[in-house]
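Trainee: Pasting a structure here, questions to come.
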Amino acid sequence: MKGFSDPALAGAARRLSAAIQELAARLATQGKTVRIMEVCGTHTMAIARSGLRHLLPANLLLTSGPGCPVCVTGPGYIDAALEMADRGACIVTFGDLIRVPGSKIHLAEARARGGDIRVCYSPMEALRLAQEAPDRPVVFLAIGFETTAAPIIGMLDLALQAGVKNLFLLTAFKCVPPALTALIADPEIRIDAFLCPGHVSAIIGADAYRFVAETQRIPCVVAGFEPLDILLAIEGILTQRVSGEARVDNQYQRVVRPEGNHKIKQLMARYLIPADVDWRGIGVIPSSGLALRPEFRPYDAEAHFDLEVQPGRIHPDCQCGEVLKGKITPPECRLFRRGCHPDHPIGPCMVSSEGTCAAWFHYDPIGIPENRHG
Amino acid sequence: MDDERRVLLAHGGGGRLSRELIEREIVSRFGQEALQGLPDAAALTLNTPSIRFTTDSFVVQPLFFPGGCIGDLAVHGTLNDLAVSGARPLYLSLSMILEEGLPWSTLRRVLDAIRAAVRASGTLVVTGDTKVVRRGQCDGIYLSMAGIGAGLEAFSLSPASIRPGDVILVSGTLGDHGMAVLSARESLFLDSGLVSDTASVFPLVEAMLPWASGVRFMRDPTRGGLAATLHEASVGCGFVLDETELPFAPAAVVIADLLGISLLHAPCEGRMVAVVAPEVAEAILAVWLGLPEGCGACRIGRAEGMAGRVTLRTMIGGVTLLDMPHGELLPRIC
C-alpha cells in the first residue's frame, strides 16, 4: 500500500498549505503572530512525523503542551510501582512507562533485577493475569487521559463482575480541560489557539472546550491525526483569527460528538471522582485528575499496600516542566542531546513515545548538521 | 502415540533415547552426504577462492506464527546472512536446545519446516547437536545455525562505496514479519491475513549477478528494520527516502498504527534492501519484479547528503529524520 501517493490527497495537502500561507500573510500584515498549542501527544508525534513545523510561515508557531500522560507523571509514581514489585506484586503496564526514570531506576532495570513487570497492549491482560494467579496481587499502572482511563475502568468493571479481588489500580489519571485552564492562567505563556485532542474529545466531547473559547476568547479546533487533519485544523484556526472569532470547531466529526460519549462518561463517573493532582514539572492543578471513589478503595493499589505516592526526585537540570508548558522547545533544554537521550533518558519527555523531546529527537532535522549535497 | 509423546531429559543424555531421537527425527530428514554415519565433524570439500561463514541463534516466540515457524525462520536467517554478504549458501549446521516436556509433534513440525526450507535452498545440513534442558529453562525450542557459503567474487560490497545519486531498492513490503509475529503473540488481528515474509533472499542476490559491479550494498533488514539497515549503510553518504514510495501491506499498517510502532523499524526476514548505481537500478528492479521473492520490489529513495543522516520526504512535502530505533521495540521476533 502506498498510503500517501493518492494524487487527491497530495492535491488537498497543497491546497490547504496554500490557504494557510495566505491567511498567515494577512495576519502578518497586521503584525500578528499566532501561537497554536497542541495538548495531545499523538498530535505532537503526528506533527513531528510529517515535517509540518518547517513548512509553516514564520508568524505561525506550533508549540507542544502537556499532552503526554507519561510525561506529566512524577518519578514518585514509578518509585511506588517499584516498591509494590519489591513486595511481590506483579506489575502490569503499557510499554511507554517501562523506561521512564523513577528517583533512582526505571521499571526495565527493576525487571532485569528480577521484578515481575509485564508490558501489555491492553488492560485486559492485567485481569487475565489476576485470574490466573488469584493469590498474588496484580497492579495495573493506570495512567492516562480520559481516553485511556475509559478502557482501564472498563477492565475494572469486568474484574468486579467476575469477583476478582487481587487486582489493583495505581491511578494517575489526568483530565485535559483543567490543564488548559492552568496554562491560560500562567502569565508567562501566550497561547492564541488550542489544537484539541481527537481521542480525548471522543470521550469528553467537543463542548468541553467551550469555556476556553467563550470566556478566554481563544479559538479551539478538535482535530484528527492525519497530516491533512492537522492542516485543516490550522486553516480553521487561522480563519477564526482573521475574522476575530473564538469558538470550538469540531473537525473530527467522524469520531467526536459535541457531548462526547455519554455511556463511557457514566461508567467512569461510577468509579472515579475528580481530584487535585500533581503534574510533573507543572505542579498541583485543582480537579485535574481522576481518583477511585472511596467505595472502591479495595481496588486502590496505594490503599492495599498502605503507601502513598511521594513526589520523588527529579534531576536538577531537567527542564521537562518548561517543555510541557511550551515555554521552551526541546533543543533549548540544557540536557537535550547533552546527557538526555532516548537510550539514557533523564526526563520522561525524552522516553515516552508521545514525548515532545522524543518527537524532536527522532524526527526534527534541525539541530543535526545540514547535509552538504542537498 | 506421537500426539502425547514429550521430549524427556534423557533425549539429550547421550544414551539410547538420544540415539533414537537423532536417528528417527534428524537422520531421517537430513542424513545424506556429510551427515551420513554421524561423524563428530563434517568433512567438506570447497572449490571456491573464498568462503563466507556465519552463525545465528533463534528464540522467536511464539514458535509458530502466520507464514512460518522458528524452523524455516532459522534456515532463512542463516541463508540470508550469507546471501547479503555476497555468497552462495552451501552448508548448514543445526543445533537445538529443547525444553523438557516439549510435545514431540511440535518438534516434528519444526524439523519438517527446516527440511522444507533447506531443500528449497539447495543447501545441506551437515552437522548438528541436540541438548535438552529442564522445564522452564528455555521456551520450547531454541535453534542455533551456522552456515558456509561460497563467495561470489563478482560482488564488491562496501557501504563506503556508496555515492550520492545511488538508488535504494527494496524487494517488497516492509515490516510484515514483525507485525505477523506480534499479532500472533498478542492474539491480535489474527484474521488480518498478514503473514511473515520469511524467505531466502538468495534468488534476489543471484539475479543481480549480471550487474554485480554496480551493487554497492545489500542487506536483509531484520532487527531494527529498514531504518537500522540504512543507518548502518550511511557511513559514507546519507540517504533520502520518499514516504510516498514506501511499500507496506495494508494489514501491517493497521497493526503498527494501533501498537504505535513504525514499520520502518519493524523487522523483515525475507526482504532485501540494495543500494545500487543509478545506471543498473532499472535492470535490477525489472529482474527482481520477475521473481516471486521480488514481486513487490520498488525504488524508495537515493543516496544523498552527509554521512549518518537518513531523512524522509513526507507526503505533505516536509522533511523529517528517520532515526535508529531505540529500546526494546520487539523482543524475540527471530
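Trainee: To the nearest Å, what is the center-to-center distance of the stretch B:230-255 and the stretch A:258-315, using C-alpha atoms only?
Mentor: If you average the Cα positions of each part, the centres end up 41 Å apart.
Trainee: Could you tell me the largest-minus-smallest coordinate of the C-alpha atoms of the stretch A:320-362 on each of the three principal axes, in descending order and whole angstroms?
Mentor: If we take the Cα atoms of the stretch A:320-362, the spans are 25, 20, 15 Å.
Trainee: Kindly provide the pair-distance distribution of the protein assembly as shown built from C-alpha pairs, with 20 Å bins from 0 and whole-percent values in order of increasing distance.
Mentor: For the protein assembly as shown, the pair-distance distribution reads 16, 44, 32, 7, 0.
Trainee: What accessible area, summed over both chains, is buried at the A-B interface (1.4 Å probe, Å², nearest 100)?
Mentor: Working: alone 17060 and 14580 Å², together 28810 Å².
Summing both chains' loss of accessible area gives about 2800 Å².
Trainee: May I ask you to give the percent of accessible area on the protein assembly as shown that is carbon plus sulfur, with a probe radius of 1.4 Å?
Mentor: Details: 15110 of 28810 Å².
Roughly 52 percent, rounded to a whole number.
Trainee: Per residue, how big is the convex hull around the C-alpha atoms of the stretch B:69-159? Give it to me in cubic angstrom, could you?
Mentor: Cα-based convex hull of the stretch B:69-159, divided per residue, equals 96 Å³.
Trainee: Could I ask something else about it? Let's test this: bin the Cα-Cα distances of the stretch B:9-151 at 5 Å from zero up to the farthest pair and state each bin's percent.
Mentor: 2, 10, 20, 23, 21, 14, 7, 3, 1, 0
Trainee: On to the next question. What are the ³J(HN,Hα) values, in whole Hz, obtained from phi via the Karplus relation 6.51 cos²θ - 1.76 cosθ + 1.60 with θ = phi - 60°, for each residue of the stretch A:47-56 in sequence order, with x given for Gly and Pro?
Mentor: 5, 5, 5, 8, x, 5, 3, 8, 9, 7
Trainee: Please give the calculated 222 nm ellipticity per residue for chain A, where each DSSP H segment of at least 4 residues contributes -39500 (n - 2.57) and the sum is spread over every residue; nearest 500 deg cm²/dmol?
Mentor: My calculation for chain A gives -11500 deg cm²/dmol from helical runs alone.
Trainee: Here is a further query. Given a Förster distance of 51 Å, report the FRET efficiency between A:SER243 and B:GLU282 from their Cβ-Cβ distance, rounded to the nearest 0.05.
Mentor: After rounding, the FRET efficiency stands at 0.45.
Trainee: List the residues whose amide H sits under 5 Å from the amide H of A:LEU60, counting only those 5 or more places along or on another chain, with H placed 1.01 Å from N in the peptide plane.
Mentor: Correct list: A:VAL34.
Trainee: Now for a different question. In square angstrom, what is the accessible area per residue of the stretch B:159-321 with a 1.4 angstrom probe? Present the calculation step by step, with values, prior to reporting the outcome.
Mentor: Numbers: 5180 Å² over 163 residues.
I get 32 Å² per residue for the stretch B:159-321.
Trainee: Separate question: From the gyration tensor of the Cα coordinates in the stretch A:119-273, what semi-axes in whole Å does the equivalent ellipsoid have, largest first, with each one equal to sqrt(5λ)?
Mentor: Details: eigenvalues 268, 47, 35 Å².
Working from the Cα gyration tensor, I get semi-axes of 37, 15, 13 Å.
Trainee: Evaluate the distance, in nm, between pseudo-label points positioned 7 Å from the Cα of A:GLU132 and of A:ASP317 along their respective Cα→Cβ axes.
Mentor: Once both label points are built, they end up 4.3 nm from each other.
Trainee: Please identify the longest segment of chain B free of exposed GluC sites (Glu not before Pro), where exposed means a DSSP state other than H, G, I, E or B and no more than 14 other Cβ atoms within 10 Å.
Mentor: Of all site-free stretches, the longest is B:154-327.
Trainee: Here is a further query. In the full protein assembly as shown, how much of B:ASP129 is accessible to a 1.4 Å probe, in Å² to the nearest 10?
Mentor: About 70 Å², rounded to the nearest 10.
Trainee: Two-decimal Rg/Rh of chain B from alpha-carbon positions, Kirkwood Rh?
Mentor: Taking Rh as the inverse mean 1/r over Cα pairs, Rg/Rh reads 1.00.
Trainee: While we're here: Shape call for the stretch A:1-130 from the C-alpha gyration tensor, a ≥ b ≥ c root eigenvalues: rounded (a/c under 1.5), prolate (a/b greater than b/c) or oblate? List each step's numbers first, then the result.
Mentor: Values: a/c = 4.26, a/b = 2.24, b/c = 1.90.
Prolate shape, in that a/c is at least 1.5 and a/b is the bigger ratio.
Trainee: Write down, largest first, the equivalent ellipsoid semi-axes of the stretch B:159-321 in whole Å, where each equals the square root of 5 times an eigenvalue of the alpha-carbon gyration tensor.
Mentor: Numbers: eigenvalues 131, 72, 32 Å².
Output for the stretch B:159-321: semi-axes of 26, 19, 13 Å.
Trainee: Let me ask something additional. Mind checking the per residue accessible area of chain A for me, 1.4 Å probe, whole number of Å²? Before the final figure, lay out each step's value.
Mentor: Values: 15680 Å² over 374 residues.
About 42 Å² of surface per residue is accessible.
Trainee: Karplus couplings for the stretch B:269-276 from phi (6.51 cos²θ - 1.76 cosθ + 1.60, θ = phi - 60°), rounded to Hz, Gly and Pro as x?
Mentor: Using θ = phi - 60°, the values come out as 10, x, 10, 10, 10, 10, 9, 10 Hz.
Trainee: Near the amide H of A:LEU272, under 5 Å away, which other amide H atoms are found, from residues 5 or more places off or on another chain, if H is placed in the peptide plane?
Mentor: A:ARG293
Trainee: Search the structure for amide H atoms under 5 Å from the amide H of B:PHE239, placed 1.01 Å from N in the peptide plane, and list their residues when 5 or more places away or on another chain.
Mentor: For B:PHE239, whose amide H was placed from the backbone, the distant partners under 5 Å are B:GLU304, B:ARG309, B:VAL310, B:THR311.
Trainee: Follow-up question, since we're still on this one. Give the accessible surface of the stretch B:9-151 per residue, rounded to a whole number of Å², with probe radius 1.4 Å and ligands, DNA and RNA excluded.
Mentor: Here the residues of the stretch B:9-151 average 44 Å² of exposed surface.
Trainee: Now for a separate question. What list of ³J(HN,Hα) couplings, whole Hz, do you get for the stretch A:150-157 from phi and the Karplus terms 6.51, -1.76, 1.60, once you set θ to phi - 60° and write x for glycine and proline?
Mentor: Values per residue, Gly and Pro as x: 4, x, 5, 5, x, 5, 4, 4 Hz.
Trainee: Let me ask something else. Kindly identify the stretch A:241-328 as rounded, prolate or oblate by the Cα gyration tensor criterion: order the square roots of the eigenvalues as a ≥ b ≥ c, call it rounded if a/c is under 1.5, otherwise compare a/b with b/c, prolate if a/b is larger, else oblate.
Mentor: oblate
Trainee: On to the next question. What is the ratio of the Cα radius of gyration of chain A to 2.2 N^0.38 Å, with N the residue count, to two decimals?
Mentor: Dividing the Cα radius of gyration by 2.2 N^0.38 Å gives 1.02.
Trainee: Here is a follow-up. In a solvent-free Debye calculation with one equal scatterer on each Cα, what is log10 I(q)/I(0) for the stretch B:117-251 at q = 0.10, 0.13, 0.15 Å⁻¹, listed in the order of the q values?
Mentor: -0.50, -0.82, -1.04
Trainee: Oh, and also: In this model, which of A:LYS104/A:LYS174; A:LYS174/A:LYS325; A:LYS263/A:LYS327; A:LYS104/A:LYS265; A:LYS165/A:LYS263 are farther than 27 Å apart at the alpha-carbon?
Mentor: Details: A:LYS104/A:LYS174 24 Å; A:LYS174/A:LYS325 15 Å; A:LYS263/A:LYS327 37 Å; A:LYS104/A:LYS265 37 Å; A:LYS165/A:LYS263 25 Å.
A:LYS263/A:LYS327; A:LYS104/A:LYS265, as the Cα separations exceed 27 Å there.
The values are calculated or read from the model by the stated rules, or taken from the named source; none is laboratory data. Predicted model only: the values in this text are computed from it and were never measured. Cβ coordinates were reconstructed from backbone atoms using ideal geometry, including for glycine residues, and neighbour counts include every protein chain displayed. Protein only, heavy atoms only, side chains kept; ligands, DNA and RNA dropped before computing areas. Shrake-Rupley method; radii C 1.70, N 1.55, O 1.52, S 1.80 Å.
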